[in-house]
Amino acid sequence: MTLLLSFTFVGAQEAQKSELQQRAENEDKNDKIASARFLYIRAFEDYVSKGQLKQGVECGAKATSLYYKENYFQEAFDLLRRIDQTITSKESVPSKQSALRYYTVKERLQMYIKMRRLESAKEQLSNLENHANVAGDENLKNDLLYTKAIYYYTFGLTAQGNAVFKEMADKLTASKEYDKVDEVYKTLISNGRKSNSASLVAQSYSSYMAWKDSVSALKTADEIGALKQQIADNEATIADKDSSLGTRQAIIIGLSVLAVALAAALALGALVLMRFILLTRKQKKIINLANESNALKAKFISNISAQLEPTLRKLDGRQPEVKALLSFSDHIQTLSDLENRPAEEIESEDTKIPQFCEELMEQIRDKVKSDVTLTVDAPKMSAKINKEYVSHILLHLLENAAIYTPAGGRIKLEYKKRSAHTHQFLVTDTGCGIPEEKREGVFKPFLEIRDLTTGDGLGLPICKQMALKMDGDLDIDPEYSKGTRFVLSLHM
């Protein structure tokens, strides 16, 4: 959830965005999270290599938000550490360094808020304020007020939230920027709904109503003042020109009509406001119901393997349906273990890449259709990898390729070293490919009801989790169109 407000003051003109960033933003807009995240990380690395540190940090922060949007918190924290190390090594001016660190500290704060970890969030908020002060950037100071309000409301600190939000609203109200204040409140309410925070919606809506009442009086005073000024100006004009009484009466009638129109507009506004109140109450009930449903669903999925296995073991394991259910139960347990496993160092060992790739390819040689060409392209070098996870991922991808590659096709396993700290394994086939609209969903479990005897659809989600646990990622190359190309990216 991005909290940087649109009402902050406009700074210097934004630098031209790179092609990678534009593609990432387009994928993000279309809700293709994995592809957008992959492109944002590439944009971050590309910008840093060109010395464009600010643009690189912004792209890295966006990639981080897309990690924890899907609850990949450990991967998000690891990426933020990479960004911080880059800032330290590339920028030595304290004010500029703080301006860049503001983005990474803010993302950490967002995650701790989402995880409801009060003390950790409080510490990050203090760091955020220090960086905003050292940077001396008015845009960051305005954003800091809004972020503080989000923090206070999320943790039920209503009085502090009201005070901070009042400070921000007063700042804009003093300059008579009423529309911008209105936008701030609506943005806060919208963020509360998106994060399923009924308390945030309620508190922000209550503050919004209080501000509406106060600003109505200010607007009325402004309008009355304007009318009085208009009357004074008209009377001065009448006096200067020695106009007739009829002219004065015409002016009074015109002002009366204007007052009636103003009253009608206020009445219409009251009707709209009442409708908004009723809608918000209904949405609060929907949010509470959704929270209860999500909790029940999470508990069921975490326990489903343990509930099914004792019964399944009593059945005839030679039956295809029973075998499918047992496999499904094992996959659920594996996926649950991966997702719930606490952060820990994944052990790596020095591995000769060519021999490693050849051994994997050899395991599918008797599974491919006739005349399918198997190719390994790996330089003669070694790399530190977790062989268990990498073997599982690549073998699953190769076995899928063997199934979907027709006779006479090609399957290729490649290894690429992209930079000093990034390397990739690529599995390419010339099969029917995966439709673009389905690519985002192949890494998500339980999206559709399936015949388990034909597969449970959990293979790729398990591979995805393993990649993330190795501080990497698994994605489909969106530019490859002659079949399917999976890219396993690992960071050392």
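Points worth noting:
- Accessible area of segment 410-489 belonging to carbon and sulfur atoms, whole % at 1.4 Å probe: 49
- Full extension of the segment from MET209 to ARG365, taken as 0.36 nm per residue of separation minus the current Cα-Cα distance, would add 49.3 nm.
- Restraint check, LYS367/LYS412; LYS387/LYS444; LYS50/LYS464, Cα-Cα greater than 26 Å: LYS50/LYS464
- Of the peptides 433-441, 476-484, 55-63, the ranking by mean beta-carbon count within 10 Å, highest at the top, reads 55-63, 476-484, 433-441.
- Label-to-label distance, GLN85 versus ALA267, with points set 7 angstrom from Cα along the beta-carbon direction: 6.8 nm.
- For segment 138-188, diffusion coefficient by Stokes-Einstein and Kirkwood Rh (Cα), 20 °C, 1.002 mPa s, µm²/s: 195
- Protection proxy ranking, peptides 146-157, 80-91, average beta carbon neighbours within 10 Å, highest first: 146-157, 80-91
- Out-of-range pairs (alpha-carbon distance over 22 Å; input LYS62/LYS148; LYS17/LYS90; LYS32/LYS62; LYS54/LYS176; LYS380/LYS482; LYS148/LYS469): LYS54/LYS176; LYS380/LYS482; LYS148/LYS469
- Per residue accessible area of segment 52-136, 1.4 Å probe, in Å²: 44
- Relative compactness, segment 69-123, computed as alpha-carbon Rg over 2.2 N^0.38 Å: 1.21
- Here the average projected area of the convex hull drawn through the C-alpha atoms of segment 28-119 stands at 6.1 nm².
- Electrostatic tally near ALA402: other residues with Cβ closer than 14 Å to its Cβ, Lys and Arg +1, Asp and Glu -1, net 0.
- Put simply, when 417-423, 372-378 are sorted by average Cβ atoms within 10 angstrom per residue, most first, you get 372-378, 417-423.
- Linear extension gain, ALA236 paired with ALA250, 0.36 nm per residue minus alpha-carbon span: 3.5 nm
- Across segment 423-434, rounded Karplus estimates of 3J(HN,Hα) from the backbone phi angles (6.51 cos²θ - 1.76 cosθ + 1.60, θ = phi - 60°) give 9, 9, 10, 10, 10, 10, 9, 10, x, 6, x, 10 Hz, Gly and Pro being marked x.
- Computed from backbone phi with θ = phi - 60° and the Karplus coefficients 6.51, -1.76 and 1.60, the 3J(HN,Hα) list for segment 409-419 is x, 9, 10, 10, 10, 10, 10, 10, 9, 7, 7 Hz; x is used for glycine and proline.
- Length gained when the stretch VAL260-ARG281 is fully extended (0.36 nm per residue, less Cα-Cα span): 4.3 nm
The values are calculated or read from the model by the stated rules, or taken from the named source; none is laboratory data. The structure presented is a predicted model; accordingly, all values stated were derived computationally and were not measured. Backbone-built Cβ (ideal geometry, glycine too); neighbour counts: all protein chains shown. Please note that ligands, DNA and RNA were not included when accessible areas were found on the heavy atoms of the full protein model with its side chains. Shrake-Rupley method; radii C 1.70, N 1.55, O 1.52, S 1.80 Å.
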